[in-house]
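Read-outs throughout are calculated quantities, based only on the coordinates presented, and are distinct from any laboratory measurement. These numbers come from a predicted model, not from an experiment. Cβ coordinates were reconstructed from backbone atoms using ideal geometry, including for glycine residues, and neighbour counts include every protein chain displayed.
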């Protein structure tokens, strides 16, 4: 299950996480976000024990969004120890998203 990451819980769930973190920055109005969202949900089911996987609604959480300079949706960030190690901007396949995830495990 993906976690709902907000400005309020961002520090706890992302910056203080002992596990790698994958964050999907998305918006309700974003068409490509829907296809990425399905892949992110699948990955959360498959890798949920090894990694924190969450979603940030950019319209409701401006602080988390601006912290990483996210300007285009969807943007998926791969974070370990509070540091962004990789990112994917725009729609892509689940295979690409999983490859990036495996590289930070």
ask   = Per-residue ellipticity at 222 nm for the chain, helices alone: DSSP H runs ≥ 4 residues times -39500 (n - 2.57), over residue total, nearest 500 deg cm²/dmol?
value = -10000 deg cm²/dmol
inquiry  = With mean projected area of the Cα convex hull in nm² as the read-out, I listed [x] 6.9; [y] 5.5; [z] 8.6; which label goes with the value calculated from this structure?
reply    = [y]
query = Say a paramagnetic label sat at a point 7 Å from the Cα of residue 87, along Cα to Cβ; which residues of the range 1-24 have their backbone N under 13 Å from it?
reply = 23-24
key: Cα gyration tensor shape for the range 1-48, rounded if a/c is under 1.5, else prolate or oblate   = oblate
note = Quick calc: nm separation of the 7 Å Cα→Cβ label points for residue 50 and residue 95 -> 1.9
inquiry  = Please check: in the Gaussian network model of the chain (C-alpha springs, under 10 Å), which one of 49, 11, 83 has the largest mean-square fluctuation.
reply    = 49
task = Report, in whole Å, the centroid distance computed from the Cα atoms of the range 1-34 and the range 87-105.
result = 15
